[in-house]
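What follows is one structure encoded as structure tokens, with my remarks underneath.
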Amino acid sequence: MDVAPDLASLDGRDAVVIGGGVGGLSTACYLADAGADVTLLERNEQLGGRASVMERDGFRFDMGPSWYLMPDVFERFFDYFDRDVSDYYELNRLDPHYRIQWKDGDSMDLAPDIETNVERFEEYEDGAGDALREYLDESEYTYEVGMEQFVYEDRPRLRDYLDPDVGKQARGLALLGSMQDHVEEYFDHPKLQQVMQYTLVFLGGSPNNTPALYNLMSHVDFDLGVYYPEGGLAAVIDGLVDLGEELGVEYRAGADVTQIHGQRGGFKVDYDAADPADFAPSDRHEDWRVDSGGYKLADLVVSDADYAHTEQELLPEQKRQYSEEYWDSRTYAPSAFLLYMGVEGDLPELAHHTLVLPTEWDDHFGQIFDEPAWPDDPAYYLCAPSKTDDSVAPEGHSNLFALVPIAPGLDDDDVTREAYRQSVLDDIAENTGTDLRDRIVVEETFSVSEFGERYNSVQGSALGLAHTLKQTALLRPSHASSEVPGLYFTGSYTTPGIGVPMCLISGQLTAEAVADREA
């Protein structure tokens, strides 16, 4: 298995990583393995960033990511440290991978084997089965070339793309045009087009603003499989943390960084103890609390906090790479309206992952990107991990959360949220046959305000910068600050971008940038 190249030695260097999301945890592991003394500061009461966990009355909810995709990325990550994924958690491949429930009563289960999916596509459109095979062949090629040449290989400058070898490798890739245009070349049926594009939500985009290059996600979806780690995504975070501890990383949760001073070889990172969080810490994170503020001295700093927050709030104006106008002009990925629910009884009408889609979803995307508003006829996602894992809910109960993508920056006052809650529960009852309204015993909501408050997220975005054509590859913010020597960035704002696997890879790319400049 190909793994990242060995990093130059960072022996004796003191590094501070700000933020305990997947990008920060990954970067910390690479830096510690290279010999740096690494301290990770996390403002919230537990590690994981958006991949936090919430526990209530015997229910355990993954608060953010809930799909385990691209298992090869996780294998490659642990292999770099001479470990196996199975050293830290166990995986179950889901069957079905997920269910799509359309609001006209039609549904489709996507299976782990391609032949079943070919047959299901053919039922919708003559020739669609062969078109699916052809599409997935292209998707696999795009994935293999794209991952090695443009994901694991950081190319932050235009001249990096002018190399003849890069052009040769990229020949045949769908680099221009939108996903909508690309998918229409293969499928006429609008439902099949939706099946091939629903993953764009994971990238924070829409069919019309996401580059066709991201057809590679269909290889991820259909061929590589959809898995569930026993214990949920929280088990993955625990694995990353455990690995970091084995490598010597020191974690401090409840440490809210307030200022970054200095530059290479002379950083001072100030932090305060976090205010009591809205969500109680789980037992396994309790020991990481700190009781008072302080500061850390460091030779280098890596920020996994929201990139805009780091520059606009933690650095003095003369040390910022990007202006306030720059951040205001960006296209941000959607926020979300989330309902975490512990319910009585089973959920026989739902799969582990269920996507509920209107037959026409353009209006929903329009109300996210074009004319921001609470969606009138939303496409949304239901996750019922208790279908697979008995440990996430008490006996006789089910664990469920609903996620509705919404525009970032929407007003989500209490009255609006309660009205939308009722609307979502009504929609679930009408379109899935699952009436939850008299069965909910535990409930929490999470939306724009909480994303902003808990994660310092610009406009309350759930994911960061969307993967539009103008915000992909070298057009995303840099891993290394151009204004402050020794300051670096990791996570979803940088390359390769949004998603747990991408943030895991961002840790490698950031560590390589550090080693190139600091060793």
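FYI, it's all coordinate maths here, none of it is from the lab. Worth saying up front: this structure is predicted, and the values here are computed from it rather than measured. Note that each Cβ is placed from the backbone with ideal geometry, even for glycine, and that neighbours are counted across all protein chains shown.
Other residues within the sphere of radius under 12 Å centred on the Cβ of residue 318, judged by their own Cβ, net out at -1 (K and R +1, D and E -1). Could you state the number of Å between the C-alpha centres of the stretch 195-234 and the stretch 56-129? The distance from the Cα centre of the stretch 56-129 to that of the stretch 195-234 comes to 9 Å.
Dipole of the chain computed with +1 at Lys/Arg Cβ and -1 at Asp/Glu Cβ about the Cα centre; of 396, 293, 182, farthest Cα towards the positive end is 293. Short to long, the 10 Å bins of the Cα pair-distance histogram for the stretch 381-456 hold 15, 45, 32, 8 percent of all pairs.
Remark: the chain carries a charge dipole of roughly 1620 debye about the Cα centre, counting +1 on each Lys and Arg Cβ and -1 on each Asp and Glu Cβ. The translational diffusion coefficient of the stretch 331-453, from Stokes-Einstein at 20 °C and 1.002 mPa s with a Kirkwood hydrodynamic radius over alpha carbon pairs, comes to 143 µm²/s. Between 273, 422, 240, the Cα set farthest toward the positive side of the dipole of the chain (charges on each charged residue's Cβ, about the Cα centre) is that of 273. The Cα center of the stretch 361-392 and the Cα center of the stretch 9-47 differ in position by 33 Å.
The helix-based estimate of mean residue ellipticity at 222 nm for the chain, built from -39,500 (n - 2.57) per DSSP H run of four or more residues and divided by its residue count, is -9000 deg cm²/dmol to the nearest 500. Potential lengthening of the chain between residue 250 and residue 185 amounts to 18.3 nm, from the contour at 0.36 nm per residue minus the alpha-carbon distance. Taking each of 103/470; 103/387; 387/470 in turn, the alpha-carbon distance tops 29 angstrom for 103/470; 387/470.
Charge tally for residue 458 (other residues, Cβ to Cβ under 12 Å; Lys, Arg +1; Asp, Glu -1): -4. Size of the chain: Rg and Dmax of its alpha carbons, in Å, are 22.1, 66. Of the peptides 180-191, 409-420, 52-63, the order by per-residue mean of other Cβ atoms within 10 Å, starting with the highest, comes out as 52-63, 180-191, 409-420.
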